[in-house]
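See structure below.
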Amino acid sequence: LREEVDIMCLAFISNVDRGKIRRWNLTEEEETRVLKAKDILVESPIYVCDDPQFTTKSLELEIKDHVLKYNVKHIFFDYVQNNGFVAKEISSETNVPTREDMVLLTLTSRCKDMQRKYGVFFASGVQTNTQIDTLPYPTEAVLAGGQSQVRKTDGTMVLKSLTKKEWDVFEKCYPKKRGFNVNLKPNRAIHIVKGRNTQYEKYCKILVRIEFGTGRIYDFMAMDKNDNPITVSYTHLTLPTILRV
């Protein structure tokens, strides 16, 4: 697990395909970037925890330990699922057999509680159900944990391949000259199912290109749920004054 995650991180930092890194089939310039990425990764405060038999209690202990020991501020949990041990834990607490959707909802709720309790950013994922192929656009109903799962989140997104209509709108509306490689094209749509306190309407989406070999993402354009282009403002990240050089 650690080796797989390390290679993914090296690929993202260096912008070199992880397949090339795994085979070590690199140019001299790529090798320099990967070795520099290795130094950056070694010095970075990133911690990988492996707990395939996790329960909500073991998750909280792991999070609490890293918050107190390493001042961790961001948690990425892969992923909200029923591994059997969670279901057994929840069932023993309620003395009632648990359905799949109940387990996923309870786990989501407790992850949200941990996020609030320890003051961290918490991101995770969940599988979708068969409704994702039947609805005109993704809604809360496509989540494996059901519609109620979204009530526990601050933001919920669904990743899908582009439809023909989305692609046609992109080809018609997207400017041909940009400040980066004009040969790049979107290959996925990120559907915003929920955004707490957002100024944009529900179910809007962003067309993106995901480079699966490096994990890097390029944004292209935004649309509403009916595939009409919309304008969104850029997000500018700035350091606090005390941290500026």
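The values are calculated or read from the model by the stated rules, or taken from the named source; none is laboratory data. Predicted model, so just to flag it, every value in this text is computed and none were measured. Here the Cβ is made from the backbone with ideal geometry for all residues, glycine too, and neighbour counts use every protein chain on show. Only protein heavy atoms, including side chains, enter the accessible area calculation; ligands, DNA and RNA are left aside. Shrake-Rupley method; radii C 1.70, N 1.55, O 1.52, S 1.80 Å.
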Q: Report the local net charge at LYS20: Lys and Arg +1, Asp and Glu -1, summed over other residues whose C-beta lies under 14 Å from its C-beta.
A: -2
**Q.** Within region 52-132, trypsin sites (Lys or Arg not before Pro) in DSSP loop having at most 15 other beta-carbon neighbours inside 10 Å
**A.** LYS73, ARG99
Q. Could you list, bin by bin from short to long, the percent of Cα-Cα pairs of region 52-118 in 5 Å steps?
A. 3, 17, 29, 23, 15, 8, 3, 1
Q) Using a Gaussian network model of the chain with C-alpha springs under 10 Å, which one of TYR137, TYR234, TYR79 is most mobile by mean-square fluctuation? A) TYR234
Q: Quick one: which residues, 5+ away or cross-chain, put their amide H under 5 Å from the amide H of VAL193? H built at 1.01 Å from N.
A: THR156, MET157, VAL158
Q. Taking region 1-114, how much of its Cα-Cα pair set, in percent, is spaced more than 26 angstrom apart?
A. 40
Q: Would you mind listing how long the chain runs along its three principal axes, going by Cα atoms, in whole Å with the largest first?
A: 61, 46, 43
(Q) From the mean inverse distance of alpha carbon pairs (Kirkwood) and the Cα radius of gyration, derive Rg over Rh for region 53-172. (A) 1.06
Q: Name the lysines eligible as straight-distance cross-link partners of LYS38: C-alpha to C-alpha under 29 Å, and not fewer than 8 places from it in the same chain.
A: LYS20, LYS64, LYS69, LYS73
Q.
Once neighbouring chains are kept in place and the probe is 1.4 Å, which whole percent of the accessible area of region 1-143 is contributed by carbon and sulfur?
A. 53
Q: Using only the Cα atoms of region 132-175, each taken as one equal point scatterer with no solvent, compute I(q) by the Debye sum, divide by I(0), and report log10 of the ratio at q = 0.14, 0.25, 0.30 Å⁻¹.
A: -0.46, -0.90, -1.09
Q) How big is the antiparallel share of DSSP beta bridges in the chain, given as a percent to the nearest 5? A) 85
**Q.** Average accessible area per residue (Å²) across the chain - probe 1.4 Å, nucleic acids and ligands excluded
**A.** 66
Q: Would you mind counting up the charge near PHE121? Only other residues with Cβ under 14 Å from its Cβ, with Lys and Arg at +1 and Asp and Glu at -1.
A: +4
Q: Could you work out the equivalent-ellipsoid semi-axes for region 23-69, taking the square root of 5 times each eigenvalue of the Cα gyration tensor, largest first, in whole Å?
A: 35, 14, 4
